[in-house]
Amino acid sequence: MTRTDRLFMGLSWAIAAGAVVFLMLPLVITVAVSFTSSPVYTLPPPDLSLRWYEAMGRRSGLMDSVLLSLNLALISTAISLLLGTAAAIAVAQGQFRGRRAIATFSVSPLMMPGLVVGVALLQFLREMGLRDAYWSLLIAHVLITLPFVMRTLLAAMAAFDFSLIDAARTLGLSWPLAILKVLTPNLAPAFLTAGLFAFLASMDNYPISIFLTDARNKTLPIKMLQYLEEQPDPSIAAMSTGLILLALIALIVGSRTVGLNRMIQG
Amino acid sequence: MRGALDRFALLATPGLAYLAIVYALPLMLLLAESLRDAEGVLSVRRYTEFFADSFNMTVFWRTLRVALMTTLLALVIAYPTAFALARARGWAQTAILVAMVLPLSVGVIVKAFAWSILFRSNGALNEFLQWIGLIERPIRLLFTETALVIGAANVFLPFMVLPIYAVVRQLDPALGAAAASLGATPWFRFFRVTLPLTLPGVVAGSAFVFSLAVSMYVIPSLIVGERQQTLSMLIARSFLFLRDEQLGSTISALLLVIAVAVVLGSSWLARRLGSRE
């Protein structure tokens, strides 16, 4: 290693340390603000208090939004895992033409502008005569979660040795049973990662959902942005801290079962 | 064997049919609609009318400029970070990985909200800058393009680091040593060996961050508000407040064309880089 090499590497370490601080900064700020006693976002908080957590409980409609978001995230992730697993097996194992195109197409919604997908879906569903907000949202959230599932499962199945399935079949298992008993436990980390990121993406989605909600069906992100416009006080930071806690739990579960390094490779 | 092959294609059908109906078809209808004038005749009138308005042009260029600056800022931070992450072991590795995954798992609204607090004129950032003596009195950060770029780069940074890290991790350390033993200077090694090998990761990350940044909505609406509109904000405004669906659809189609161009352009570039090796 020459001196220039060492200089490069030292610089990389310094920038990486800065990046860690930069990335964590908004989360730390949010948590700090949520425990303030003051009605404005002063930093550092003059006094510690839980008053904004109590205020959060008094917000009207918050609980309904949380339940709606959880409901949509759970159901849409489950549907996407089913659809995605079947499609990913087809891409990994099939010999038919256009498999690469299928893979690209099924991941492509990740790079499409959310608002545009929302607008297009709104106009399409209206044309089809679907006016129910809950069903529209569910249809949209399957579309939101499916690419996340596909991205992780496609990568995992490309690395999976499918001759294990053939071996299980030689031993007398039917094909669906072989998939269930051999593939599923082997790819459990990939399923967990896929489900986790899909769930979080659904919980967080704003740009597609905003076009499909009505007065009674408002998802959590939409409700939070509405609070920010109408009555921005630190109770929003308290809600955000709750979401950070949820992410932290997901991260701990993920790192214990899958490992952080494998999680990000999906 | 033939029957078995068709069975696999069948497995992909439900998922693909779903995406075709609720994703591809609506987007194509949107595009087709934007290419028709009031009488339903094929024309680009809606686009020429959109670009004839100087306000729209300002918004169009601002959107592209912000997306480009965000991508560049993220790239400058992410490239060295990916190298450090590939070398890191133990707690340093854990710290960088947690800093990638945790913010990824926290929603955009939470992070954009935090930045709007930080950027306030009586906010923490201003106090810090005054404390280190960089500025004398509070400067206006909130509602500026700079603030938007910083906030957006913060939110999208992991999407730049991860693809670059995926490539850097597979670099053979022996390559650098081999080049060095042949007398290559560090600069030469970086520009002729390391950089070309990591370019596919850079292209993938940049394309992803650019396409996210060009269409972001939550971040600008919380950090710059109505004062500095972007294309996404024009879309939301024309649909949700102005009830001008025509305008909203035209801008949507425009943003869609930009996104598709980025996807196609980056995959073309990735293929070219791949075939060169």
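The values are calculated or read from the model by the stated rules, or taken from the named source; none is laboratory data. Treat the numbers as computed from the prediction; the structure is a model and nothing was measured. Every residue, glycine as well, gets a Cβ built from its backbone with ideal geometry; the counts of neighbours run over all protein chains shown.
Quick notes on this one:
- One residue alone among B:LEU68, B:LEU102, B:LEU64 is of a type outside the set (Asp, Glu), out of contact with any Asp or Glu (no Cβ under 7 Å at 6 or more places or on another chain) and at the interface with chain A (Cβ under 10 Å from one of its Cβ atoms), and that residue is B:LEU102.
- Residue in region B:113-132 that is surrounded by the most Cβ atoms within 10 Å (Cβ to Cβ), counting only those that are more than 9 Å from chain A (Cβ to nearest Cβ) and at pLDDT 70 or above: B:PHE119
Per-residue answers, yes or no, for (1) assigned to a helix (DSSP H, G or I); (2) closer than 29 Å to B:VAL263 by Cβ; (3) within 11 Å of chain A (Cβ to nearest Cβ); (4) in contact with a Gly (Cβ under 7 Å, 6 or more places away or on another chain):
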site	(1), (2), (3), (4)
B:ALA174	yes, no, no, no
B:ALA177	yes, no, yes, no
B:GLY183	no, no, no, no
B:ARG189	yes, no, yes, yes
B:ARG192	yes, no, no, no
B:THR198	yes, yes, no, no
B:VAL202	yes, yes, no, no
B:ALA207	yes, yes, yes, no
B:SER221	yes, yes, yes, no
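- In region A:200-218, of all residues being away from chain B (no Cβ under 11 Å) and outside any helix (DSSP H, G or I), the one that is surrounded by the fewest Cβ atoms within 10 Å (Cβ to Cβ) corresponds to A:ALA215.
- Candidate set from region A:219-241 (those that are in a helix (DSSP H, G or I) and without any contact (Cβ under 8 Å) to a residue 12 or more places away in the chain); member that is nearest to the other protein chains (Cβ to nearest Cβ): A:LEU228
- In region A:125-149, the residues that are of a type outside the set (Ser, Thr, Tyr) and either under 28 Å from B:ALA207 (Cα atoms) or surrounded by 21 or more Cβ atoms within 10 Å (Cβ to Cβ) (or both): A:LEU137, A:ILE139, A:ALA140, A:HIS141, A:VAL142, A:LEU143, A:ILE144, A:LEU146, A:PRO147, A:PHE148, A:VAL149
- Elements of type helices (runs of 4 or more DSSP H) in region A:55-170, at least 2 residues being over 30 Å from A:ALA215 (Cα atoms) and in contact with an Asp or Glu (Cβ under 8 Å, 6 or more places away or on another chain): none
- Of all residues in region A:82-135, those that are in contact (Cβ under 8 Å) with a residue 24 or more places away in the chain and out of contact with any helix residue (DSSP H, G or I) (no Cβ under 6 Å at 6 or more places or on another chain) total 6.
- Region B:55-73, residues that are within 11 Å of the chain's Cα centre (by Cα) and among the hydroxyl-bearing types (Ser, Thr, Tyr): B:THR70, B:THR71
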